[in-house]
Structures are given as structure tokens and as C-alpha cells.
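**Q** What follows is a single structure, and I will ask about it in a moment.
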Amino acid sequence: MRLRQMAVDPLGARVPNLRRRRIVNAAWIGSAWAGASIAVGLLLVVVAGVVARGIGSINPTFLTTPTDPFGSGGGISNAIVGTAILVALASAMAVPVGILTALYTSEFASRRLASGLRYVLDVLNGVPTIITGIFVFGLLVVGRSQSGWAGAAGLAIVMVPLIARSGQEVLALVPSGLREASLALGASRWRTVLRVVIPTSIGGLVTGALLAVARAAGETAPLLFTCSIFPNLVQTDPSRVLPNIPITIFQFSESPDPVKHAQAWAAALVLIAFVLAVSMVARLLSARTRRRLQELR
Amino acid sequence: MTIDRKELDAAGRVRHETPPGPRTEVPAVDRVGVEHGASGSRVHLEDVKAYYGTKRVLHGITLSLEPGVVTGIIGPSGCGKSTMVRCINRMHEEVPGGRCEGRILLDEIDLNGPEVDVVGVRRAVGMVFQKPNPFPTMSILGNVLAGLRFVGVPRERRIERAEAALTDAGLWDEVKDRLSDPGVSLSGGQQQRLCIARALAVEPDVLLMDEPCSALDPAATMRIEELITQLKRRVTIALVTHNMQQAARIADVTAFMLAGELIEVGSTDRMFTDPQDERTEQYVTGRFG
């Protein structure tokens, strides 16, 4: 990469194949750089595409009125409200389970059990979300009807492994010296966890939960069988089917009406803006926590 | 210094009719430096073996820590010094697979007895670690109060106990105007004294110090050493150190360990000038380790 250095190296004679080494080195760095650029580029293309096509239909009416099934004047307020409730319910179910799982694996379980649990969580994380949807459908919808509860349960199943795994990573960063200090003072294990481990790692735990929220907000497959046949009005009762943004995007894009197509892009923009905002908050928090934990090492 | 003992007794701890005397296979501790009226408890280890999983790391240690005395424990890295002191407040149990055999008596109480709860042991036997480890989310005062909260000292008594502990740790004058600053905002030496204050606040009978100065600069080390010398009248002190000069400076009794065995124990003067065992001599003269 540094061409000027390449020209003359006073010690060059001591290194055989110097030229070849440099070319190989540059090739590796170059391909790694290219890979990273493709990743960043993809995100930019997706975001830019959604913004370009969606921004035109974003206006106060779009955000504040429910879907109009026939005309083109409606918006997606019903879906925004529904998604907010679905994600809140899913978080209420998944955050306690996920964080307790993380605490159990890193603070209480034996090493073997912990590594088994980590594996199970990785598998759960890898389960295709359409399967999660069918599972919840069989469990909560068959014989009853679709509902907000069922949708939230599906999203919660997606969230639990994310929260638990990221929680484990953060808890592993808490220096063991702090646990020992607390135990040596005569504090019990749970007290040590409550008073020392959790306060030290809280930022990271919240980060994990936020990233899971961002992920759940956009999940479509778990809602497909559980929370997808909804009315075009604002619905807040989770025992009924809650309108939501991902399914709305799907329905709008299947519609023959070009106005609805534009609204699908706009709904996508709302969703992606939410996800980006949440990820950014999560990132700030995580940077702060990590810095603090690193200083303690 | 009696509260914890009362708790131990109230909990129905095992009591032994006759406190064991010094064992013959190990030279009796020279009772140098024992001050009359020194409080603190006597700790007696009898044939203590410790294991991590199937690996035995202590091969039967018999040793007494006397009240009013700083017992220095020296030996090369990995010889089991830390493990031995961790057995005394049962911190070895926090290492997966860690267990110990043999008897460890705190005065007459068998610390590994079936009725003895580990929490009571740790309140009676405090510990200071190699690296200063104040709780990062707590203030200076909060750190000292933490142990008192764990112990269940009534709220109104905690502050005075905390002040007393900070004073005893020689830190009060330096921090009295910034008690609500984070504990981790202090310098390394101050942090270590904060950790000592935190351990003293719960009024232990024994204080185990596992290389408390090895992360500190010479000036901070000197302060801690002065502190140890002052504290020994109140609390029985075991000082693990890999620094032989430190042992020579402040330990009254020195124990030399090698490969999980206690090789020799005696007054520090004698250990450094007239060691009985050849290996002790080689170690203290710097020929290995």
C-alpha cells in the first residue's frame, strides 16, 4: 500500500521474496477492504432505496390516520400503534426471560451446563422465524383465533436468544475480581449479582435488549400466521389481532394500486428509521459500558 | 469485633473441647511480636489439602496464624500461597472444582463444619486482593457501606462504622470531602486502602491479604505496609507476598511454601538469617523462585 516505501528498503536484501510478500499482503488487505465495503454499501443502497421511494408519501396524515382500504388517503397509524404494542408485549415477555437466562448461564450454572445452554440458545436463534410462526400458530391460534398475544409470543421467541446471548457476552466482561470482592465480604451469590454484577453491566444488558427490540419490530414471519388478518382501524386490545407494520408493508405491496405501493415504501421507511434509531441508542450505550468495563480490567 | 462471632455461635457452630496445640512436625511458631491484649482470632490449619478438580495443590498444610502477629507467606509463584489463604475464608469454593480437606479452626470453630455457613465464615475472615477492586458503580462511601449492608448493620449505625473503617485504613483525611465520588476515581494505592476499609468495616477477626501491594508503586506500598503494622493489634493478618523484602519488613512470622507444602515457618528474623531447611535458605537468598 505504501508505494514510497516499496521503492527502496535499505534492509530489503535481508528479506527474501520481499516483493512477493508485499504483493500478497496488499492483496489480502485489499480483499478484506472490498468485503467490508460491500457490507457497508449494501446497507447504504437499501436505506437510500427505501428513503428515495418512501419519502414522498411520508406526511402527517400518513402517520396519523389508519389505513384506508379503498381510497388512497389513508395512512398506517393503526400499524404503528399495533407494532408498538406488539413489540412492548414481546419485550415484556422476552427481556426478563432473556436476562435471567444470561444471569443463570454466566453466574450460577456449571461450566458444562453453561456451554450447553449457549449452544441451545444459538440453535434457537437459528430457527427460521417462519417455523417459530407456525409453532405459535399451532400453540395459540389453532382452535382460537389470531391475536396480539400470539403475535407477541412469536416475536418474544425471536428475542429471547438474542437478549440472552448478548447478555452473556456482557456479563463475561465483568471482572471476576468484583464478584470475589463481594463474596469475600460475606454477600451471597444472588446478592452479589444484584448489587454488583448487574449494576456494573446494566448498560450492556439494555443494549442487548434494544437490539432485540429493533429486530423484533421488523420480524414478519412470526406474525404471518398469528397476527396478520387485521382491520383497518387503530386497535389496542392484544386479545384481538393487532395491525402491524411488516404485514402492512406486505399487503400494500401486493395491492394493485400504485398509491399503495408508494405507501408500502413509506411504511418501510418508518420501520427502517425506527430500527436505525434504536440501534444507534444501543450502540452509544454499549460503547459507554464497554469502555467502563475495559477500564476495570 | 464480637458481632460476627456471636452470629457464628448463635448459628450453633461446632465447638471443639480442646483447641489443638502446635503440631510437632512443623516448628512451633516463635511467639514474637505477639502483643498483650491483641484482639483478633487464632486460625489453625491442620493437615489442609486443597484440590482443583482432581489436581491436588496443597499437600497437607499445618500452620497457625496468631493474633497480634502478621504472618507472611512467601514462596515461588504457583506454590499454593493464595490457595491456602483462600481456603481460610472458603473463597477456594468459588473456583469450579475447588475443595479442601483437613481442619481449619477459627479459635474453636471448624470453618468447614457441617453447620457453618460460608457467609458467616467470610464475615469473620475478610480478604484483600492483589488488584484493588472497588465496586465501580458505588461511591467511596458506598464501597465501605456495601459490606455493612450485606451484613445487615442498621442504617443509622452504618455511617459511623464506615467513617471508623476509613479512618482505620488511613484514608479518611484524604477522602472525607469527596465521599460521594466514585470509588474508582481514587489512585491505585487509595483504592487498595479503600478495599481494606471495606473489609475492616464488617469487623472481621482475621484479614487475609493476597499480595495486596503487587499492583502498587513503592510509595503506596509503604503506606499499606504501615497500615498493616498498625492493624495487626486488632485483627489477625495473613500476608501473602512474593516480595521477600516486604515479608522481612513487616511480617513477624514468616512461612515458606514450595510446591503445595509448608517447608518452614518461624520468626521472620530467624527465617531470613538462620533458616533450618536448605530450600528455605536457597529461596530467601534468591537462588531460586
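The values are calculated or read from the model by the stated rules, or taken from the named source; none is laboratory data. No experiment lies behind these values; they were computed from the predicted model shown. Glycine gets a Cβ as well: all are built from the backbone with ideal geometry, and neighbour counts include every protein chain shown. Areas reflect the complete protein model, heavy atoms only, side chains present, ligands, DNA and RNA absent. Shrake-Rupley method; radii C 1.70, N 1.55, O 1.52, S 1.80 Å.
**Q** May I ask you to give the solvent-accessible area per residue for chain B, in square angstrom, as obtained with a 1.4 angstrom probe?
**A** Per-residue accessible area for chain B comes out at 40 Å².
**Q** Tally up the carbon and sulfur contribution to the accessible surface of the stretch B:36-182 as a whole percent, 1.4 Å probe, everything protein left in place.
**A** Heavy-atom surface of the stretch B:36-182 belonging to carbon and sulfur, 1.4 Å probe: 47 percent.
**Q** Counting only DSSP beta bridges with both residues in the stretch B:180-289, what percent are antiparallel, rounded to the nearest 5? It would help to have the intermediate numbers written out before the result.
**A** On the way: 6 of 11 bridges.
The antiparallel fraction comes to roughly 55 percent.
**Q** Okay, next question. Using a 1.4 angstrom probe on the protein heavy atoms only, could you order B:Leu105, B:Leu145 from most to least accessible area?
**A** These residues rank, largest area first, as B:Leu145, B:Leu105.
**Q** Counting only protein chains, not ligands or nucleic acids, how are B:Thr285, A:Thr200, A:Thr101 ordered by accessible area (probe 1.4 Å), most first?
**A** So, going from the largest accessible area down, we get B:Thr285, A:Thr101, A:Thr200.
**Q** When chain A is modelled as a GNM with alpha-carbon springs shorter than 10 Å, which of A:Phe252, A:Phe274, A:Phe70 fluctuates the most?
**A** A:Phe70
**Q** Considering all projection directions equally, how large on average is the shadow of the alpha-carbon convex hull of chain B, in square nanometres?
**A** Projected area, direction-averaged: 14.9 nm².
**Q** In degrees from 0 to 90, rounded to the nearest 10, what is the angle of the helix B:140-151 Cα long axis to the longest principal axis of chain B?
**A** Relative to chain B, helix B:140-151 is tipped by roughly 70 degrees.
**Q** As I understand it, the value is the acute angle between the Cα axis of helix B:218-231 and the longest principal axis of the Cα atoms of chain B; what does it come to in degrees, rounded to 10?
**A** Value to nearest ten degrees: 90.
**Q** Additional query: Which number comes out as Rg/Rh for the stretch A:170-236 once both Rg and the Kirkwood Rh are worked out on C-alpha atoms? Write down the numbers at each step before the final one.
**A** Values: Rg = 20.0 Å, Rh = 15.2 Å.
So for the stretch A:170-236, dividing Rg by the Kirkwood Rh gives 1.31.
**Q** Ratio of Rg to Rh for the stretch A:58-296, alpha carbon only, Kirkwood?
**A** Over the Cα atoms of the stretch A:58-296, Rg/Rh equals 1.06.
**Q** Once you order the gyration tensor axes a ≥ b ≥ c over the Cα atoms, which shape class does the stretch A:42-87 get: rounded for a/c under 1.5, otherwise prolate or oblate by comparing a/b with b/c?
**A** Oblate, since a/c reaches 1.5 and b/c is not below a/b.
**Q** Measure off 7 Å from each Cα along the Cα-to-Cβ vector at B:Asp181 and B:Arg56, then give the distance between these two points in nanometres to one decimal.
**A** It works out to 5.1 nm between the two label points.
**Q** If you don't mind, there's one more thing I want to ask. Can you send over the solvent-accessible area of A:Ile249, 1.4 Å probe, protein chains only, in Å² to the nearest 10?
**A** It works out to around 40 Å².
**Q** If I ignore ligands, DNA and RNA and count only protein heavy atoms, how much of B:Thr221 is accessible to a 1.4 Å probe, in Å² to the nearest 10?
**A** 20 Å²
**Q** Moving to a separate point now. How large is Rg/Rh for the protein assembly as shown, to two decimals, with Cα atoms and a Kirkwood Rh?
**A** Rounded to two decimals, Rg/Rh equals 1.13.
**Q** Excluding ligands, DNA and RNA, what is the solvent-accessible area per residue of the stretch A:245-288 at a probe of 1.4 Å, expressed in Å²? List each step's numbers first, then the result.
**A** Details: 2310 Å² over 44 residues.
Accessible area per residue: 52 Å².
**Q** Over the stretch A:42-140, average the accessible area per residue using a 1.4 Å probe and give it in Å², no decimals. Working shown, then result.
**A** Details: 5410 Å² over 99 residues.
Result: 55 Å² per residue.
**Q** Continuing with the same structure: Within 10 Å of each Cβ of B:87-94, how many other protein chain Cβ atoms are there on average?
**A** Numbers: counts 0, 0, 3, 2, 3, 0, 1, 6.
Taking the mean over all residues of the peptide, I get 2.
**Q** As an exercise, take the mean of 1/r over every pair of distinct alpha carbons in the stretch B:118-262, invert it, and state the Kirkwood radius in angstroms.
**A** Evaluated on the stretch B:118-262, it is 15.5 Å.
**Q** Once you keep just the Cα pairs under 8 angstrom separated by 6 or more residues, what percentage relative contact order results for the stretch A:58-296?
**A** The value is 28 percent.
**Q** Okay, moving on. Is there a quick way to get the dipole size of the stretch A:22-175? I mean about its Cα centre, with the Cβ of Lys and Arg at +1 and of Asp and Glu at -1; what is the value in debye to the nearest 20? Could the numbers behind the result be given before it?
**A** Values: 7 positive and 4 negative charges, 69 e Å.
About 320 debye.
**Q** Where in chain A are the DSSP H helices whose alpha-carbon span along the long axis reaches 18 Å or more and whose Kyte-Doolittle mean is at least 1.0?
**A** A:18-54, A:77-103, A:148-173, A:198-218
**Q** Moving to a separate point now. Would you rank B:Tyr283, B:Tyr52 by solvent-accessible area, highest first, keeping every protein chain in place and using a 1.4 Å probe? Spell out each step's value before the answer.
**A** Working: B:Tyr283 10, B:Tyr52 70 Å².
Highest to lowest solvent-accessible surface, that is B:Tyr52, B:Tyr283.
**Q** Taking the DSSP beta bridges in chain B as the whole, what percent of them are antiparallel, to the nearest 5?
**A** If I count the DSSP bridges inside chain B, around 60 percent turn out antiparallel.
**Q** Please check: in the Gaussian network model of chain A (C-alpha springs, under 10 Å), which one of A:Arg112, A:Arg191, A:Arg20 has the largest mean-square fluctuation.
**A** A:Arg20
**Q** Run the quick spin-label model on A:Val123 and A:Val275: label points 7 Å from Cα toward the beta carbon, then report their separation in nm to one decimal.
**A** 2.8 nm
**Q** Taking every residue in B:162-175, how many Cβ atoms of other protein chains lie within 10 Å of its Cβ, on average?
**A** Across B:162-175, the average partner-chain Cβ count within 10 Å equals 0.
**Q** If you don't mind, there's one more thing I want to ask. Pairs of alpha-carbon atoms within less than 8 angstrom and 6+ residues apart define the contacts here; what relative contact order does chain B have, in percent?
**A** Taking the mean separation of contacting Cα pairs over the length of chain B, I get 28 percent.
**Q** With θ set to phi - 60° and the Karplus curve 6.51 cos²θ - 1.76 cosθ + 1.60, what are the ³J(HN,Hα) couplings of the stretch B:207-217 in order, to the nearest whole Hz, using x for Gly and Pro?
**A** 10, 9, 10, 9, 6, x, 10, 6, 9, 10, 7
**Q** Separate question: Just how far, in whole angstrom, is the stretch A:218-297 from the stretch A:11-66 if you go by their alpha carbon centroids?
**A** Each part reduced to its Cα centre gives a spacing of 25 Å.
**Q** A follow-up question, please. Note the buried accessible area between A and B here, summed over both chains, with a 1.4 Å probe, in Å² to the nearest 100.
**A** 1900 Å²
**Q** Springs between alpha-carbon atoms under 10 Å, Gaussian network over chain A: tell me which of A:Arg179, A:Arg215, A:Arg144 tops the mean-square fluctuations.
**A** A:Arg144
**Q** In addition: Tell me the angle of helix B:155-168 to the major Cα principal axis of chain B, expressed in degrees between 0 and 90 and rounded to the nearest ten.
**A** Taking the Cα atoms of chain B, the angle to B:155-168 is about 50 degrees.
**Q** Looking at the protein assembly as shown only, what percent of DSSP beta bridges run antiparallel? Nearest 5 please. Please list the in-between numbers first.
**A** Working: 26 of 43 bridges.
Rounded to the nearest five, the antiparallel share is 60 percent.
**Q** Taking the alpha-carbon centroid of each part, what is the distance from the stretch B:146-165 to the stretch B:228-245 in angstrom?
**A** 24 Å
**Q** Follow-up. List, in order, the whole-Hz ³J(HN,Hα) value for each residue of the stretch B:125-131 obtained from phi through the Karplus relation with A = 6.51, B = -1.76, C = 1.60 and θ = phi - 60°; use x for Gly and Pro.
**A** 10, x, 9, 10, 9, 4, 9
**Q** Normalized C-alpha radius of gyration of the stretch B:150-223, against 2.2 N^0.38 Å?
**A** Ratio of Rg to 2.2 N^0.38 Å for the stretch B:150-223: 1.13.
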